[in-house]
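Worksheet: the structure to be examined is printed underneath.
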Amino acid sequence: MWPKFRRIVLVDSAYRHGFGGHHVREVLQHRPLILRSRRGVKDSYEVFGQTYGGEYLHIVGRVIEAEELKTFRVYHVGQMHDRDRRRYLRWRG
């Protein structure tokens with residue numbers, strides 16, 4: 001189950017592909033596919049979704065407790081690979 005959180009924080013590596021926090025917020029508001037991380041790290045998630053501008057993004061992050069607030073700490077934001085885009089579009093219908 002996707003946990004509730006109060007804020008989003010991007011670490012330095014998340015900016016590597018030219019996307020920012022507003023892209024993450026758009027994807028999270030636009031019916032994303034949210035899966036537990038394939039690497040098996042506790043409280044880590046992979047988010048697949050689309051921005052309002054039509055870009056298909058893959059987001060990797062972890063929900064942590066920081067300063068007594070649940071925080072989604074984002075480590076990666078990048079374009080989806082073709083295979084992931086096809087899976088996302090099939091899921092979305």
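The values are calculated or read from the model by the stated rules, or taken from the named source; none is laboratory data. The model shown is predicted, which means the values in this text are computed figures rather than measured ones. A quick note on method: Cβ atoms are made from the backbone with ideal geometry, for glycine too, and the neighbour counts reach across all protein chains shown. Quick note on the areas: whole protein, heavy atoms, side chains included, nothing else; ligands and nucleic acids left out. Shrake-Rupley method; radii C 1.70, N 1.55, O 1.52, S 1.80 Å.
Of all the residues that make up segment 52-93, how many are closer than 13 Å to residue 32 by Cβ, open to solvent by 80 Å² or more (accessible area, probe 1.4 Å) and among the basic types (Lys, Arg)?
Final tally of qualifying residues: 0.
One line per residue, one yes/no per condition, for (1) touching a Cys at 6+ places or on another chain (Cβ under 6 Å); (2) within 16 Å of residue 23 (Cβ to Cβ); (3) free of Cβ contacts under 8 Å to residues at least 40 places away in the same chain:
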| residue | (1), (2), (3) |
| --- | --- |
| 43 | no, no, no |
| 49 | no, yes, yes |
| 58 | no, yes, yes |
| 63 | no, no, no |
| 73 | no, yes, no |
| 79 | no, yes, no |
| 88 | no, yes, no |
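Just checking, does segment 12-23 include any residue being surrounded by fewer than 12 Cβ atoms within 10 Å (Cβ to Cβ), free of Cβ contacts under 8 Å to residues at least 24 places away in the same chain and closer than 22 Å to residue 91 by Cβ?
No: segment 12-23 contains no residue that is surrounded by fewer than 12 Cβ atoms within 10 Å (Cβ to Cβ), free of Cβ contacts under 8 Å to residues at least 24 places away in the same chain and closer than 22 Å to residue 91 by Cβ.
How about segment 52-68: which of its residues are over 16 Å from residue 13 (Cβ atoms), modelled with pLDDT under 95, part of a strand (DSSP E or B) and of a type outside the set (Val, Ile, Thr)?
Correct list: 65, 66.
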